[in-house]
Amino acid sequence: MKTLVAPSLLSSDFANLQSEIKKVTAAGADWLHVDVMDGQFVKNITIGPPVVASIKKVSKIPLDVHLMIVNPEDYIAAFIKAGADIVTIHQESTKDPASVLKEVRKLGAKVGITLRPGTDIKKIESFFDLVDLVLIMTVEPGFGGQSFLTDQVDKIRYVRKHVKPNVFIEVDGGIDEKTSKICRDAGANVMVAGSYVFKNDYKAAIENLRGQK
């Protein structure tokens, strides 16, 4: 399975979002990573379904939507209707993650599970057979620009050992040319990067994240 790159739109220029999406897609991005925060699960507020719908209108590549919100079961239908192709929820955000994951699939999107860096990876092991993607947060969720947490790499190795070969392992947080190699070597195959892509040459950054240079 080749390494995919999902630039995080949180680091893009929102005043020129359509242009940013077109440029990063032309540069080789595979997915667009969309961070949804509600100010409760994390101490930040970003976007809701209307903005996702606007992004979908101008995107030719899948929308990878990371829900950092409490009670995601109340909102997944709206985000999928808006155009989310992949929906990832936090194990900590709902009382019944399994039912939420099943509902995401029922509504037609690919299914992802994630957890905070401080949460034991075994807390999500029972969901591995229900998902298409496991997201390992290599920073605390909520804000961009944080430093990569090296102690999370063992989680990548653990997940790769315990999931089916076709399950994506995505990493998000402090991902650049050096840390992406660490994650790839551990078994991850989807790189989420915000500032590293949007503050550099898009094409070169994406190739670096894949290990093509």
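The values are calculated or read from the model by the stated rules, or taken from the named source; none is laboratory data. Note that this is a predicted model, so its numbers are computed, not measured. Neighbour counts run over all protein chains shown; Cβ positions are idealised from the backbone, glycine included.
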Inset, instruction - Among the residues of region 79-96, write down those that are of a type outside the set (D, E) and under 17 Å from Q40 (Cβ atoms). - result: F79, I89, H90, Q91, S93, T94, K95
Inset, instruction - Among residues belonging to region 126-179 that are touching a Gly at 6+ places or on another chain (Cβ under 7 Å) and in contact (Cβ under 8 Å) with a residue 40 or more places away in the chain, point out the one that is farthest from V42 (Cα to Cα). - result: D132
Legend entry - Checking V190 against (1) hydrophobic (A, V, I, L, M, F, W, C); (2) over 19 Å from P62 (Cβ atoms); (3) within 14 Å of the chain's Cα centre (by Cα), the condition it does not meet: (2)
Legend entry - Those residues of region 126-147 which are over 15 Å from M68 (Cα atoms) and either crowded, with 23+ Cβ neighbours inside 10 Å or out of contact with any Asp or Glu (no Cβ under 8 Å at 6 or more places or on another chain) (or both), in sequence order: S126, F127, F128, D129, L130, V131, D132, G145, S147
Inset, instruction - Filter the strands (runs of 3 or more DSSP E) completely within region 1-94 down to those with at least 1 residues that are in contact with a Ser or Thr (Cβ under 6 Å, 6 or more places away or on another chain). - result: 32-37, 63-68, 86-90
Inset, instruction - Would you be able to say whether some residue in region 56-70 is within 18 Å of the chain's Cα centre (by Cα) and more than 24 Å from F198 (Cβ to Cβ)? - result: yes
Legend entry - Residue check for Q152: at pLDDT 95 or above, over 27 Å from K60 (Cα atoms), touching a Lys or Arg at 6+ places or on another chain (Cβ under 8 Å) and of a type in the set (S, T, N, Q): no
Inset, instruction - Go through region 1-26 and count every residue that is closer than 22 Å to I169 by Cα and either of a type outside the set (V, I, T) or crowded, with 21+ Cβ neighbours inside 10 Å (or both). - result: 11
Inset, instruction - Go through region 38-55 and count every residue that is surrounded by fewer than 17 Cβ atoms within 10 Å (Cβ to Cβ) and at pLDDT 95 or above. - result: 5
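For every residue, the table says whether it meets (1) in contact with a helix residue (DSSP H, G or I) (Cβ under 7 Å, 6 or more places away or on another chain); (2) more than 17 Å from R105 (Cβ to Cβ).
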{"position": "S54", "(1), (2)": "no, yes"}
{"position": "I61", "(1), (2)": "yes, yes"}
{"position": "D64", "(1), (2)": "no, no"}
{"position": "I76", "(1), (2)": "yes, no"}
{"position": "A84", "(1), (2)": "yes, no"}
{"position": "T88", "(1), (2)": "no, no"}
